[in-house]
1. Applying 1/(1 + (r/R0)^6) with R0 = 35 Å to the Cβ-Cβ distance of Asp13 and Asp101, what FRET efficiency is obtained, to the nearest 0.05?
2. Run through all the Cα pairs of the chain and give the fraction in each 10 Å bin from 0, expressed as whole percent.
3. State in Å² the accessible area per residue of the chain; use a 1.4 Å probe, count heavy atoms of protein chains only, and round to the nearest integer.
4. Restricting things to alpha carbons, find the Rg to Rh ratio for segment 18-90 using the Kirkwood radius for Rh.
5. Given only helices, namely DSSP H runs of n ≥ 4 each adding -39500 (n - 2.57), what is the per-residue ellipticity at 222 nm of the chain, to the nearest 500 deg cm²/dmol?
6. Defining a contact as two alpha carbons under 8 Å apart and six or more residues distant in sequence, what relative contact order in percent does the chain show?
7. Tally up the carbon and sulfur contribution to the accessible surface of the chain as a whole percent, 1.4 Å probe, everything protein left in place.
8. Treating only the Cβ atoms of Lys and Arg (+1) and Asp and Glu (-1) as charged, compute the dipole magnitude of the chain about its Cα centre; round to the nearest 20 debye.
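The values are calculated or read from the model by the stated rules, or taken from the named source; none is laboratory data. Model, not experiment: these values are computed from the prediction. Neighbour counts run over all protein chains shown; Cβ positions are idealised from the backbone, glycine included. Heavy atoms of the whole protein, side chains included, go into the accessibility calculation; ligands, DNA and RNA do not. Shrake-Rupley method; radii C 1.70, N 1.55, O 1.52, S 1.80 Å.
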Amino acid sequence: MLFVYGTLMKGCDNPVARYLHSTQTFIGEGYFPGILFQVSFYPGAVYLPDSKNKVYGHLFEVTQNKEQLLQKLDDYEGIGSQFNLPNEFKREIIPVVIEGDTIPAYTYLFNNSYSQFPAIASGRFSEEV
């Protein structure tokens, strides 16, 4: 499973989002406890298991070409030694809630200090852009 909360959600139109939407199966909207904030034209999120705040996004079942997909996403998110270290994002498996069930899913979490970025209070990136 893959959880996205920003520029890769359904409704976003960029080459990596189009690849994701055309090759994987959309499951629905879900959330995880944490904080969503505006980094630039894109958001960042941190997973905080005890947070009352939620980060909303879309859950996809990875049904084909998992390694190819993850490599494309890592490149898109700037993960790897070819990018400035520390990388801005990191890929982790975290628990995501969808329709009352908790499912482990890959997601890309912000990997630097986020205190200088404005929070997105709704937890929904699409409402802020």
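1. 0.75
2. 13, 47, 35, 5
3. That works out to 53 Å² for each residue.
4. On the way: Rg = 13.9 Å, Rh = 14.0 Å.
Checking Rg against Rh, the ratio lands at 0.99.
5. -5000 deg cm²/dmol
6. Values: 239 pairs, mean separation 40.8, N = 129.
It rounds to 32 percent for the chain.
7. 49 percent
8. Charge dipole, the chain, about its Cα centre: 60 debye, nearest 20.
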